[in-house]
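Down below is the structure, laid out as structure tokens.
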Amino acid sequence: MADILIIDDEKAIRKTLTEILSFEGYKIEEAADGEEGLKKFKEKNFDVVLCDIKMPKLDGIEFLQKAGEINPDVPIIMISGHGNIETAVEAVKKGAYDYISKPPDLNRLLITIRNAMDKGSLVTETKVLKRKVSRVQEMIGASMPIKKIKETIEKVAPTEARILITGDNGVGKELVARWIHEKSNRATGPIIEVNCAAIPTELIESELFGHEKGSFTSAIKQRIGKFESANGGTLFLDEIGDMSANAQAKVLRALQEGKITRVGADKDINVDVRVIAATNKDLLKEVEAKNFRLDLYHRLSVILIHVPSLNERRDDIPLLVEQFLDDICSEYGIAVKLIDEDAVKLLQQYNWTGNIRELRNVVERLVILSGKSITAEDVKNYVMPK
């Protein structure tokens, strides 16, 4: 449930807005002037703020500037009297999401709030993913399989070709997708990830394509889907082998025509999205078993990139361990721990059924449980099965 802060010195306006938005399912807090509003803004993370312009103590423009210094990602919608339109326009130039004239038009108010929330969610999601990308700029490893993957990415990233990434769980398929995006011409746009295996079958279409209010029982408001959120950027469909047949048909249409339709709507929406898919399944076998569409497979697999298991690239383990030690010790705020050569050799002999993900977890365990340095004895005690 979204939190909205209403700042207005007119009690009647606050009461009206609170009643309307509470009925729509929003949680509302009120402030009678800019100073009270700024105090509440500092104390709590709001999804949207509705702010009057002309107020005592601290007016809307001053609030806008101070709030922007505290958290610039929260959309602020200015509320303006008819005589203050020029001021409202100036507020938009200074960072306000939009303005609404008094008395507020109900439909425009609700649409503006929904759009502001969608934008805020997209900004947050994009920043989180960009932080992940910035922490790992490239794949770690010098083995031949990794060199081949790096060379392939350098060639295909600047193109618009769709890419299918295959490999076991935990090998780093998501990292490959993020690296492709970062090196593409869409790097300034968003990269949106959808884990098809983690979303219930009955909700996957709504997740991908969005839905209109009332299109099904729990659709209490309009929702923007991942295809629209990724417009101008990259959509990463992870574990696509688990996607339902209906969703496969709609994804195929989106790839063929560059159009999607929200659940419960009849209007087409144009989308400009590069799709990168990944799976741990053999999709051709899934096609034979009638679980996956052959035409969709061909649409997705213009370029195939297979990520090897960690057991197939044991020579990369020393480099990976070194990188994980740096990352984990930095996260814990401690000096980087050294690891003995014999300890690394033992890690190279281990059977990594969980691949890169398991290796990172093991390194974190060793950082926590070992002494000043990580020894072969630590690996035997905390990693090797008894």
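Details
- Any hit, the range 45-52, residues being part of a helix (DSSP H, G or I) and either surrounded by fewer than 19 Cβ atoms within 10 Å (Cβ to Cβ) or among the aromatic types (Phe, Trp, Tyr) (or both): no
- Every condition in (1) basic (Lys, Arg); (2) buried (at least 18 other Cβ atoms within 10 Å of the Cβ); (3) in contact (Cβ under 8 Å) with a residue 24 or more places away in the chain is met by residue 14 except one, and the failing one is (3).
- Qualifying residue in the range 326-338 (condition: modelled with pLDDT of 95 or more, out of contact with any Phe, Trp or Tyr (no Cβ under 7 Å at 6 or more places or on another chain), surrounded by 13 or more Cβ atoms within 10 Å (Cβ to Cβ) and assigned to a helix (DSSP H, G or I)): no
- Exactly one residue out of 39, 94 is surrounded by fewer than 16 Cβ atoms within 10 Å (Cβ to Cβ) and modelled with pLDDT of 85 or more: that is 39.
- Checklist (1) among the aliphatic types (A, V, I, L, M); (2) within 30 Å of residue 255 (Cα to Cα); (3) in a helix (DSSP H, G or I) applied to residue 320, failing item: (2)
- Qualifying residue in the range 362-372 (condition: outside any loop (DSSP other than H, G, I, E, B), loosely packed, with under 13 Cβ neighbours inside 10 Å and not assigned by TED's automatic domain parsing to the domain that holds residue 144): yes
- Scanning the range 184-218 for residues that are among the small types (Gly, Ala, Ser) and without any contact (Cβ under 8 Å) to a residue 60 or more places away in the chain yields 187, 189, 197, 198, 206, 210, 214, 215, 218.
- Test: residue in the range 189-201 that is in the same structural domain as residue 243 (by TED's automatic domain parsing), among the small types (Gly, Ala, Ser) and in contact with a His (Cβ under 8 Å, 6 or more places away or on another chain): no
- Conditions (1) touching an Asp or Glu at 6+ places or on another chain (Cβ under 6 Å); (2) more than 24 Å from residue 285 (Cα to Cα); (3) surrounded by fewer than 18 Cβ atoms within 10 Å (Cβ to Cβ); (4) of a type in the set (A, V, I, L, M): number failed by residue 263: (3)
- Only one of the numbered conditions (1) without any contact (Cβ under 8 Å) to a residue 60 or more places away in the chain; (2) under 19 Å from residue 176 (Cβ atoms); (3) not in a strand (DSSP E or B) is violated by residue 235, and that is (3).
The values are calculated or read from the model by the stated rules, or taken from the named source; none is laboratory data. The structure presented is a predicted model; accordingly, all values stated were derived computationally and were not measured. Here Cβ is always computed from backbone atoms with ideal geometry, including for glycine, and neighbour counts include all displayed protein chains.
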